[in-house]
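None of the figures in this text is laboratory data; all of them are computed from the coordinates on show. If you're wondering where the values come from, they're calculated on a predicted model, not measured in any experiment. Quick reminder, even Gly has a Cβ in these numbers, built from the backbone with ideal geometry, and neighbours come from all protein chains shown.
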């Protein structure tokens, strides 16, 4: 099946995995995500994934802690989430590999760019865990970095809202949704799409970003079939 994008990075926030809960992993939500990924995988799309850890731990919440230690704890949280997604996918017959930026060979492969690309070419889903392996960098930056490294066509940025707004639509009824933005629009307006490091990395490497609502079944497939879903961030 012909799709608009051949190789993608799907970025999922840790909070998205908690579903309607405020903490932890909601396995109904994980199942919904896994079903969508399987559907897209069967279309012949090569899928890399980056998942956050905010449903378990956020580095900035480590009040009084050393920032590096707090960030390392956040990286471990992303590994827990990645293993949950891997298990859900493999229960659906989708071959999956977790690669970590911090070595933990007993449970996952170390991140090796050439090996990751080979997995993708063989039709396996690759989940990139443990962030970049460095403190002070978000998983948004990880998504941008891995997208550049594996030459992904697009980053699909999964959220709990259906795009980018001028203000929080959950708090303001008059919030205005953007259908399309440039990277500079995002940076200059201070829109909370990705952090500035991640956005700049996408801008430098001309990687488009599509912000969409993960909770709507079929959204990932519809994006790949070139339907107008969410907000597109690209060159102006």
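Data table
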| item | result |
| --- | --- |
| Pairwise centroid distance, computed over Cα atoms, of the stretch 93-154 with the stretch 1-78, Å | 12 |
| Efficiency of FRET between residue 136 and residue 177 - r from beta-carbon atoms, R0 25 angstrom, step 0.05 | 0.20 |
| Gain on full stretching of the segment that runs from residue 66 to residue 39 - 0.36 nm per residue minus C-alpha separation | 5.5 nm |
| Pairwise label distance in nanometres, residue 189 with residue 151, each label 7 Å out on the Cα-Cβ vector | 3.3 |
| Segment residue 118-residue 168, extension gain: residue separation times 0.36 nm, minus the distance between their alpha carbons | 14.0 nm |
